[in-house]
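Participant: One structure coming up, written as structure tokens, with questions to follow.
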Amino acid sequence: MFSRLVSIAFAGLALALVANAPVGAGDKGTKDDKNTHVGTLVSVKGNTFTMDVKGKEHSHTLAPTAKITGADGAEAKLSSLTKGTTIRVTTKEGDDAVATRIEVMRSEKK
């Protein structure tokens with residue numbers, strides 16, 4: 001009985017640690033990364049997209065190996081993102097025009 005309680009306690013502790021880990025911990029693209037910024041999607045054309053960050057629009061080209069994740073954490077496509085969606089973009093080290101990761105933070109309500 002005691003060993004069962006200890007096992008449950010350790011499992012609960014492990015779950016709490018995983019649940020509190022920052023999104024993308026250890027990966028580029030965390031919210032504290034200097035190559036990452038959050039804004040609103042304005043438009044998508046092919047593999048290029050424009051976003052608004054604090055009232056300034058700028059464009060990025062999607063890297064061929066870029067990862068895009070939806071608000072639910074599932075893989076997504078650039079063409080499936082809609083105008084008004086809040087996104088976090090990580091750019092290539094040394095090249096702010098190339099996006100290596102897009103994370104949907106919040107989708108526009110339809």
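The values are calculated or read from the model by the stated rules, or taken from the named source; none is laboratory data. No experiment lies behind these values; they were computed from the predicted model shown. Cβ: placed from backbone, ideal geometry, glycine included. Neighbour counts: every protein chain shown.
Participant: Out of all the residues in segment 33-75, which are aliphatic (A, V, I, L, M), surrounded by 14 or more Cβ atoms within 10 Å (Cβ to Cβ) and at pLDDT below 95?
Facilitator: Passing the criteria: only Ala71.
Participant: Also, I was wondering about something else. Cβ-Cβ under 7 Å, sequence separation 6+ or interchain: first residue in segment 85-110 and at positive phi, partner of a type in the set (Lys, Arg) and modelled with pLDDT under 95. Which pairs?
Facilitator: As it stands, the answer is none, since no pair meets every condition given.
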